[in-house]
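One structure is given here, and the rest of the page talks about it.
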Amino acid sequence: MTIENITLKDSTTGARADILAGFGFNCYEFIANLDGREVDVLWSAPGFANGKERASGSGIPLLFPFPGRLRGTTFRWEGREYALEAGDGRGNAIHGFVLNRAWRVIERSVSRVVGQFQASVDDPKLLDQWPADFRVTATYELVGNRLSSSFVFENPDDKALPCGFGTHPYFRLPLGGTSGESCKVTIPATKHWELVDMLPTGNCSELAEANAYQQGLRFGEMTFDDVFGGLVFDGDNCVSEIVDPESGTRLAMRFDRSFRELVVYTPPHRGAVCVEPYGCVPGTVGLDVPGVDFGLRVLQPGESFTSRVELEIS
């Protein structure tokens, strides 16, 4: 089976990006060009473009209508029980439905592509697994060494749509140098969510040494699969950076206020770090802890929201 691959190019810098429209609209390669020096920004498993690798393990998986794990494989919503598939090796459903399915390309140019996925159109059986139909429209655009992405989430149904969105980028380390362990990663957060068996309890505490996290942690000292909150915004943007001190290369990820949590994950292979903007706490659908706001969105019929993430290399 051939999976549709879209290549974006910037004629000024020579930067390029590749998106697998046929496998989750995953942007699995972004190669910037700094005055003739190529910087490979995203990590993906060899052969990922063939669609045979784990969908959540490479590039930038898009997680909707729920990012992260749900508790088990069933949840109740407005009196009805929904059954999902386990996917995390722990008996939990994980990361939604759109990251491993084929999307439709609805617009395309040399440096821009727009893809769309709608449950009722592209995989109608999902209507039995979620309380309402949903439509996601994603846009990637490459300008210079900046890769911009924007997302529109719509409820085209006549029923309420509970949902959350997250992105799961795998940033390759190092960024041009010889040591990933010496790279610094900023985590612009002030709070930390407690997890038990990788599921949230509802307890959220002040982040000890938050200033150190915001200034940048050395990757060699990071071992995380954690959820951070209380994000620090400057105007409408929150920024997380990765700096390679040897090459002098800096990756800035900017995202808007539709996001309120960061999941930070250090894969066992140590070839990448995941700094993941989430619009809600993982597992928020089906969670009910009095007095705790997990960030679940409930779109009424005809309602929508947007999200924006930008990656820039300098």
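The values are calculated or read from the model by the stated rules, or taken from the named source; none is laboratory data. Small disclaimer: the values here were computed from a predicted structure and weren't measured. Because the Cβ atoms are built from the backbone with ideal geometry, glycine has one as well, and the counts that use them run over all protein chains shown. For accessibility, only protein heavy atoms count, side chains too; no ligands or nucleic acids. Shrake-Rupley method; radii C 1.70, N 1.55, O 1.52, S 1.80 Å.
In this structure, does residue 140 turn out to be surrounded by 19 or more Cβ atoms within 10 Å (Cβ to Cβ), on the phi < 0 side of the Ramachandran plot, hydroxyl-bearing (Ser, Thr, Tyr) and in contact with a strand residue (DSSP E or B) (Cβ under 7 Å, 6 or more places away or on another chain)?
Against the criterion (surrounded by 19 or more Cβ atoms within 10 Å (Cβ to Cβ), on the phi < 0 side of the Ramachandran plot, hydroxyl-bearing (Ser, Thr, Tyr) and in contact with a strand residue (DSSP E or B) (Cβ under 7 Å, 6 or more places away or on another chain)), residue 140 qualifies.
Among what's in the stretch 56-106 and is free of Cβ contacts under 8 Å to residues at least 24 places away in the same chain and part of a strand (DSSP E or B), pick the residue that is nearest to residue 26 (Cα to Cα).
74
Given the criteria assigned to a strand (DSSP E or B), open to solvent by less than 10 Å² (accessible area, probe 1.4 Å) and over 26 Å from residue 93 (Cβ atoms), does residue 175 qualify?
no
Among the residues of the stretch 34-52 satisfying the criterion of being open to solvent by less than 30 Å² (accessible area, probe 1.4 Å) and touching a residue at least 40 places away in the same chain (Cβ under 8 Å), which is farthest from the chain's Cα centre (by Cα)?
Per the criteria, the residue is 39.
Find all pairs meeting these conditions: Cβ atoms under 8 angstrom apart; at least six residues apart or on different chains; first residue within the stretch 158-173 and within 18 Å of residue 297 (Cβ to Cβ); second residue open to solvent by 10 Å² or more (accessible area, probe 1.4 Å) and among the aromatic types (Phe, Trp, Tyr).
Matching pairs, first to second residue: 162/77.
Among the residues of the stretch 200-213, write down those that are surrounded by 14 or more Cβ atoms within 10 Å (Cβ to Cβ) and either under 18 Å from the mean Cα position of the chain (by Cα) or closer than 18 Å to residue 266 by Cβ (or both).
Passing the criteria: 207, 213.
Is it the case that residue 264 is of a type outside the set (S, T, N, Q), closer than 16 Å to residue 189 by Cβ, surrounded by 16 or more Cβ atoms within 10 Å (Cβ to Cβ) and out of contact with any helix residue (DSSP H, G or I) (no Cβ under 8 Å at 6 or more places or on another chain)?
It is true that residue 264 is of a type outside the set (S, T, N, Q), closer than 16 Å to residue 189 by Cβ, surrounded by 16 or more Cβ atoms within 10 Å (Cβ to Cβ) and out of contact with any helix residue (DSSP H, G or I) (no Cβ under 8 Å at 6 or more places or on another chain).
Give the stretch 103-115 a look and list any residue that's surrounded by fewer than 19 Cβ atoms within 10 Å (Cβ to Cβ) and in contact with a helix residue (DSSP H, G or I) (Cβ under 9 Å, 6 or more places away or on another chain), or say none.
104
Identify, please: which residue in the stretch 143-163 is farther than 19 Å from residue 28 by Cβ, assigned to a strand (DSSP E or B) and not hydrophobic (A, V, I, L, M, F, W, C) and is, among those, most open to solvent (accessible area, probe 1.4 Å)?
Taking the candidates together, the pick is 154.
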